[in-house]
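Coordinate-derived values only; no laboratory data. Just so it is clear, the structure is predicted and the values come from calculations on it, not from any experiment. Here Cβ is always computed from backbone atoms with ideal geometry, including for glycine, and neighbour counts include all displayed protein chains.
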Amino acid sequence: MVTKRLEGEIAPSGGPSAVVRSVFSTVGILPLLLVLAIVFFAVQEPRFYAAANITNVFRQSTYLIIVTLGQALVLISGGFDLSVGAVIAVTSVVSARFMSRYYAGNPDGEVTSVIVGIAAGLFVGLVFGLVNGTGVARFKVSPFIMTLGMASVGSGFALYYTGGSPVSGMPPLFTREIGTGRVFEVPIPVLFAIAAIIAVIFLVSATTWGRYLYAIGGNMKAAFLSGIPVGAYTASVYVLCSLLAALAGILLTARVSSGEPNLGASFPLQSITAAVVGGVSLRGGEGRIIGAVLGALFITILTNGMNLIRIESYVQEIAIGVILILAVIIDRLRDRWRV
Amino acid sequence: MTAAQASAQSGPAPSLPGERGGVELLRLSAISKHFPGVRALSGVDFDLQAGEVHVLFGENGAGKSTLINIIAGTFPPDDGTMTLRGQPIRLNSPHHARQLGVNAVFQEFSLVPTLSVQDNLYLGREHQRAGILDKSAIARGTRETLELLQFHLDPKAQVGSLSRAEQQMVEIAKAIQGEPSILILDEPTASLTENEANNLFALIERLKIQGLGIIYITHRIQEIHRIADRVTVLRDGQLVATVAAGDVSETRLVELMIGRSIEALYPAIDYQPGRMMVRTDHLSLTSGRVHDVSIEVRAGEVVGLAGLVGSGKSEIGRAIFGLEPIGHGAVEIGDVPIVHPSPRGMLDRGVVYVPPDRREEGLVAMRPVRENMSLGALGLPTFSRFGVLRRRLEGVSVREIARRLNLRPLNVERQVASFSGGNQQKVVLGRGLTREVKVFIFDEPTTGVDVGAKVEIYGFMKELCERGAAILLISSDLPELLHLASRAYVMHRGEIRAELVGDALTEEAVLANFFDRAVDAA
Ligand SMILES: Nc1ncnc2c1ncn2[C@@H]1O[C@H](COP(=O)(O)OP(=O)(O)OP(=O)(O)O)[C@@H](O)[C@H]1O
Ligand SMILES: [Mg+2]
């Protein structure tokens, strides 16, 4: 077929494989995977599509979605963050400790104690983010080493701070309302996740901050020559990522009703997997937030489904690892097909 | 040839003594290649004889690089056949092509920045003795090749620390090193100065005599007359004509290329030097590459900065924009001394720097044209308010700029990486148009840009200059510099050797100041 090139027009390319390719290169493989997973589990286990389980999946997915939002931002900027799990753990124990201490001292000040606890948790996120950001942006430590180091610092600290045992004694307002409460039938964590998604999508697609993020991830030198304060922006991405992880940590703490030093260990790997499955490039500069969110949803559905059909958690870990590697391979292929 | 005789293990077929003139090395028939949204080549025929230089000529995006990528095995054609020395062949990788004696210098480099020059030259075909790297053989081979080319490079230098022009030399040396029987050069002189280019031409002459076939892509017409035997002109992915270089005039070539004739390549600029806009005052860099340089550029003039590769001309532009640490002296913008120049600060003062290496420092390749063009100006009220983008205005103004620069295809949502080299350069230039700019520093602004686009870019400079911008033009394209600049400085080993004004600004005068004065003394 001889299609004369038209300026700016996307000429129909030859053959079905070309169609498949162009679909892949725009939306990625994720929608297909989602459908496959849903059909597969629905056939295997009728309980999977019960209304209760669907709400359950949404609620379960919120934590991973919130963390993945931050992870996706860092990936787009050309780095990655392995410390999100540690941030969740430290946030959990610190906010629980502050909340329960304050509540023990002021049994009437339920609201204040919740605010104190949440503030303490977010502060933890801020500190981690600033340390990561400063290390990467100012001292040029590679994101891998910087956040791996902070992951170790964080999990060590969480255990040291609590002596390894859970922190309890938080007010019911926190554990019941925020942890399991609903507004108009929608679980409160889901509301938080929706707000976070909207905020991040707005940031990325409608602000200069978002645009600079892509530019820095795509070509840091070009961004610098365009007058963008690369260091400050890079640091701010790590701060935002840690703050989102802290938010997830607080919501999880409310959900499990105690401050857990072991919380969140699976999040670094899962959030990176979710983002990459969702089409965010590991090399920076590319990816869409909505893809990352769908990726997180996919991972949750997978975990939920595997639980329902009683696949052991060890096997589940194997599955996540395999998916991550496959997602990266597909990411590479997509790149090649675009050529 | 020198060097790698010993290493010919991965042996590209050596050219036979009898294989000279008239022997067909390569033939392509009805080659087509399609990229998403673009038909890059349709039904192109091409052949290459031993002992000839066959030039590929055509506008930006005509499909030249695509064609040589197919010959070099980067990707297969969608359609068409290829024969190598009479044998039908399907290449499955650049490595495969190299083994068959097809070596290429691509428009975009393929060097490992963290390795030294010599390690890059021998990458993939290292000398070994019993499985151990034979470093001395590698060093010797590298020295010999560099000497042959008369490229003055340190074999031990890290490639990442070299300038674009120097990297280009390494690329060329690497291609020669493999003892090819077909050598492909995609705009090899794009950032070389006369001197290095002359060395390359001399070498090409010698290689021709040895029976190599050379495919040469260039946008510089004067080079065609200098070295070409035949010229194949492509337009919009189609073969226009293959002609003998001796039979065709420059005007005719340009006509074939763009389908119409161009009156004048260089515009007449009406210079009205006004206020002092940029000045360096006894500037020296901590790197030592620039020493005690004082230059000035006024509003309404184009000032040229000439010099050989490594003479420090690029560094001056970079220093003004805050990209090189300053040791002594000062940079002044409109009489105000700038203590610590930085890109941000300079942009805010209306200074724009267009870097020579668009891929390294200019473009965010995977993002669309729109985002690339507006990148430096997003903070301005036209593009954002309180940090929130004004997408519609952005689209409108970027499309307007793209139209002015005649971007092709005219689609600002396309990924920059999928544009041809010359059109990518327009995107970099376009960035300077998104904001109020008083000073332009252009470092090799027409590298890899076709004649038609050059006319557009020169016209654009004329317009800027006549509207009162100060332009510092750093260029190794001597005709360009001579025609556009009203005044020029010639650099030599990091210092200003001469300032040439008006009638004194001639080719002889510039060239005379390029080289060491030892000749005069003798
Ligand atoms: N990887 C790619 N993906 C999509 N389109 C491409 C790709 N590479 C080239 N093209 C398109 O194919 C056409 C031919 O490009 P090519 O690079 O061969 O041009 P060229 O003649 O070498 O131009 P230049 O002189 O600017 O280097 C152009 O329209 C270009 O946009
Ligand atoms: Mg090209």
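Nearest 10 degrees, 0 to 90: what angle lies between the long axis of helix B:421-431 and the longest principal axis of chain B (Cα atoms)? Helix B:421-431 sits at roughly 10 degrees to that axis. Ordering A:Ile289, B:Tyr489, B:Val339 by the projection of their Cα atoms onto the charge dipole of the protein assembly as shown, which places +1 on the Cβ of Lys and Arg and -1 on the Cβ of Asp and Glu, puts A:Ile289 at the extreme positive end. Applying the Karplus relation 6.51 cos²θ - 1.76 cosθ + 1.60 with θ = phi - 60° to the range B:378-384 yields 3J(HN,Hα) values of 4, x, 6, x, 5, 9, 7 Hz, where x marks Gly and Pro. Rounded to the nearest 500, the 222 nm mean residue ellipticity of chain A from helices alone is -24000 deg cm²/dmol, with -39,500 (n - 2.57) taken per DSSP H run of at least 4 residues.
On full extension, the segment bounded by B:Thr114 and B:Ala268 gains 51.0 nm, given 0.36 nm per residue less the C-alpha separation. Rounded to whole numbers, the Karplus 3J(HN,Hα) couplings from phi for the range B:165-176 are 5, 5, 5, 4, 5, 4, 4, 5, 4, 5, 5, 5 Hz, using 6.51 cos²θ - 1.76 cosθ + 1.60 with θ = phi - 60°, and x at Gly and Pro. When chain A is treated as a Gaussian network with alpha carbon springs shorter than 10 Å, the biggest mean-square fluctuation among A:Thr62, A:Thr147, A:Thr180 belongs to A:Thr180.
Placing +1 on each Lys and Arg Cβ and -1 on each Asp and Glu Cβ, with no other charges, gives the range A:29-337 a dipole about its Cα centre of roughly 520 debye. Evaluated with a Cβ-only charge set (Lys, Arg +1; Asp, Glu -1), the range B:358-424 carries a dipole of roughly 240 debye about its Cα centre, given to the nearest 20. Note on chain A: GNM, Cα springs under 10 Å; of A:Ala245, A:Ala151, A:Ala292, the largest mean-square fluctuation is that of A:Ala151.
Using the Cβ-Cβ distance between B:Asn92 and A:Leu32 with R0 set to 45 Å, the FRET efficiency from 1/(1 + (r/R0)^6) comes to roughly 0.95. Under 21 Å Cα-Cα from B:Lys135, which lysines qualify once same-chain neighbours fewer than 8 residues away are excluded? Cross-link targets: B:Lys156, B:Lys174.
Shielding of peptide B:344-353 by partners, expressed as the average count of other chain Cβ atoms within 10 Å per residue Cβ, is 2.
Each peptide in B:336-349, B:465-478, B:257-270 gets a packing score, the mean of other Cβ atoms within 10 Å over its residues, and the list from highest to lowest is B:465-478, B:336-349, B:257-270.
Excluding same-chain neighbours fewer than eight residues apart, the lysines reachable from B:Lys462 by a Cα-Cα span under 27 Å are B:Lys313, B:Lys426, B:Lys438, B:Lys454. Compared with the dominant Cα axis of chain B, that is its longest principal axis, helix B:451-466 is turned about 10°. Size of the range A:151-309: Rg and Dmax of its alpha carbons, in Å, are 18.1, 54. A crude spin-label estimate for the pair A:Val328 and A:Ala42, with each label 7 Å from Cα along the Cβ direction, gives 3.3 nm. Peptide B:383-396 has a mean of 2 when you count, residue by residue, the C-beta atoms of other protein chains within 10 Å of its C-beta. Distance between the C-alpha centres of the range B:498-514 and the range B:242-276: 23 Å, rounded to the whole angstrom. Ordering B:Val297, B:Val351, B:Pro180 by Cα displacement along the dipole of chain B toward the positive end leaves B:Val351 in first place; charges were set at the Cβ atoms of Lys, Arg (+1) and Asp, Glu (-1).
Among A:Val328, A:Val94, A:Val111, which one shows the biggest mean-square fluctuation in a GNM of chain A, springs joining Cα atoms closer than 10 Å? In this elastic network of chain A, the residue with the biggest mean-square fluctuation among A:Val328, A:Val94, A:Val111 is A:Val111. Residues of the range B:480-518 with an amide N closer than 15 Å to a point placed 7 Å from the Cα of B:Glu250 along the Cα-to-Cβ direction: B:480-484, B:507.
Taking the Cα centre of the protein assembly as shown as origin, work out the dipole magnitude from +1 charges on Lys and Arg Cβ and -1 charges on Asp and Glu Cβ, in debye rounded to 20.
2320 debye
With the cut-off at 1.5 for a/c, could you classify the range B:160-283 from its C-alpha gyration tensor as rounded, prolate or oblate? Cα axes put the range B:160-283 in the oblate bin.
Could you please report the charge total around B:Gly329, scoring K, R as +1 and D, E as -1 over all other residues with beta-carbon less than 15 angstrom from its beta-carbon? Net local charge, B:Gly329 excluded: -4. Helix B:391-404 against the longest principal axis of chain B: what's the angle in degrees, Cα atoms only, rounded to the nearest 10? On a 0 to 90 degree scale, this one is about 70. Peptide A:198-207 is shielded by partner chain Cβ atoms: per residue, an average of 2 of them sit within 10 Å of its Cβ. Quick one: net charge of B:Leu56's neighbours, Cβ under 11 Å, K/R +1, D/E -1? Summing Lys and Arg as +1 and Asp and Glu as -1 gives 0.
Give the peptides B:482-494, A:249-261 in descending order of average Cβ contacts within 10 Å, highest first.
A:249-261, B:482-494
Our note on the geometry: Cα centres of the range A:114-139 and the range A:206-242, 19 Å apart. Spin-label model, A:Ile115 to B:Phe201: label points 7 Å out along the Cα-to-beta-carbon direction sit 8.0 nm apart.
Between the residues B:Val388, B:Val416, B:Val364, the greatest Cα displacement towards the positive end of the dipole of the range B:362-435, with unit charges on the Cβ of Lys, Arg, Asp and Glu, is found for B:Val388. Summing Lys and Arg as +1 and Asp and Glu as -1 over all other residues whose Cβ lies under 14 Å from the Cβ of B:Arg404 gives a net charge of +4.
Only helices enter the 222 nm calculation for chain B: every DSSP H run of n ≥ 4 contributes -39,500 (n - 2.57), and dividing by all residues gives -8500 deg cm²/dmol, rounded to 500.
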